[in-house]
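No lab work stands behind these numbers, since they all come straight from the coordinates. Source: prediction; values computed, not measured. A quick note on method: Cβ atoms are made from the backbone with ideal geometry, for glycine too, and the neighbour counts reach across all protein chains shown.
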Amino acid sequence: MDNCLFCRIVSREIPSRIVYEDELVLGFCDIAPKAPVHVLVIPKTHVASLNDLGKEHEGIMAHLTLAIPQVAEKMGIKDSGYRVVVNCGKDSGQEVAHLHYHILGGRAMENNFG
Ligand code: 5GP
Ligand code: ZN
């Protein structure tokens, strides 16, 4: 999608610090990190949110899930642990309408889900 921020990151129209890439998925550092490691993992294809997933995304989403521990390993937080967060819709505070998984680590997390 032309006017989607994260699609523009996928196409390199907007620069980002890319830490993981394969044919279906991109991982890049969040511009305003909430932890020492804060990576966003996204499908390269545009999907606005979890609510917009269909049967056709089954393969991509399985692939994305399998990429998460690979990203964690690359960022040095696989063994220390990490949190994965996905916001969906207004009440969650989702700001960017391109599905993204936050991977947060490098410090102990609070058990506070806001
Ligand atoms: P959301 O609130 O939609 O779940 O998360 C959106 C995330 O995208 C936020 O953590 C925000 O800091 C990050 N973000 C917003 N704009 C940019 C950008 O231009 N580049 C990068 N790398 N991250 C961004
Ligand atoms: Zn998009």
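Looking only at residues that are of a type in the set (A, V, I, L, M) and part of a loop (DSSP other than H, G, I, E, B) in the range 1-16, which one is nearest to ligand 1 (Cβ to nearest atom)?
Filtering the range 1-16 for residues of a type in the set (A, V, I, L, M) gives 1, 5, 9-10, 14.
If we keep only those that are part of a loop (DSSP other than H, G, I, E, B) as well, we get 1, 14.
Details: Met1: 15, Ile14: 6 Å.
The qualifying residue nearest to ligand 1 (Cβ to nearest atom) is Ile14.
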Across the range 69-91, what is the number of residues that are in contact with a Gly (Cβ under 9 Å, 6 or more places away or on another chain), within 16 Å of ligand 1 (Cβ to nearest atom) and either part of a helix (DSSP H, G or I) or of a type in the set (S, T, N, Q) (or both)? 2
If only one of Thr45, Thr65 is free of Cβ contacts under 8 Å to residues at least 24 places away in the same chain, closer than 30 Å to Glu110 by Cβ and surrounded by 13 or more Cβ atoms within 10 Å (Cβ to Cβ), which one is it? Thr65
Quick count over the range 95-114, residues being surrounded by 15 or more Cβ atoms within 10 Å (Cβ to Cβ) and without any contact (Cβ under 8 Å) to a residue 60 or more places away in the chain, is 1
Condition broken by Lys34, with the remaining ones in (1) in contact with a strand residue (DSSP E or B) (Cβ under 7 Å, 6 or more places away or on another chain); (2) in a helix (DSSP H, G or I); (3) more than 16 Å from ligand 2 (Cβ to nearest atom) satisfied: (2)
Taking the range 1-15 and keeping residues in contact (Cβ under 8 Å) with a residue 12 or more places away in the chain and more than 7 Å from ligand 2 (Cβ to nearest atom) leaves Leu5, Ile9, Val10
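Collect the residues in the range 92-102 that are closer than 18 Å to Gly27 by Cβ and either touching a helix residue (DSSP H, G or I) at 6+ places or on another chain (Cβ under 6 Å) or assigned to a loop (DSSP other than H, G, I, E, B) (or both), keeping them in residue-number order.
Filtering the range 92-102 for residues closer than 18 Å to Gly27 by Cβ gives 96, 98-102.
Once the filter is applied, which keeps residues that are closer than 18 Å to Gly27 by Cβ and either touching a helix residue (DSSP H, G or I) at 6+ places or on another chain (Cβ under 6 Å) or assigned to a loop (DSSP other than H, G, I, E, B) (or both), the range 92-102 yields Val96, His98, Leu99, His100.
Regarding the range 17-38, can at least one residue be identified that is free of Cβ contacts under 8 Å to residues at least 24 places away in the same chain, within 12 Å of ligand 1 (Cβ to nearest atom) and buried (at least 16 other Cβ atoms within 10 Å of the Cβ)?
In the first step, residues of the range 17-38 are kept if they are free of Cβ contacts under 8 Å to residues at least 24 places away in the same chain; the result is 17-18, 21, 23, 26, 28-29, 31-33.
Then drop every residue that is not within 12 Å of ligand 1 (Cβ to nearest atom), which leaves 17-18, 26, 28-29, 31-33.
If we keep only those that are buried (at least 16 other Cβ atoms within 10 Å of the Cβ) too, we end up with 26, 28.
Yes: one or more hits.
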For the range 83-94, does any single residue satisfy the condition of being within 16 Å of ligand 2 (Cβ to nearest atom) and surrounded by 16 or more Cβ atoms within 10 Å (Cβ to Cβ)? yes
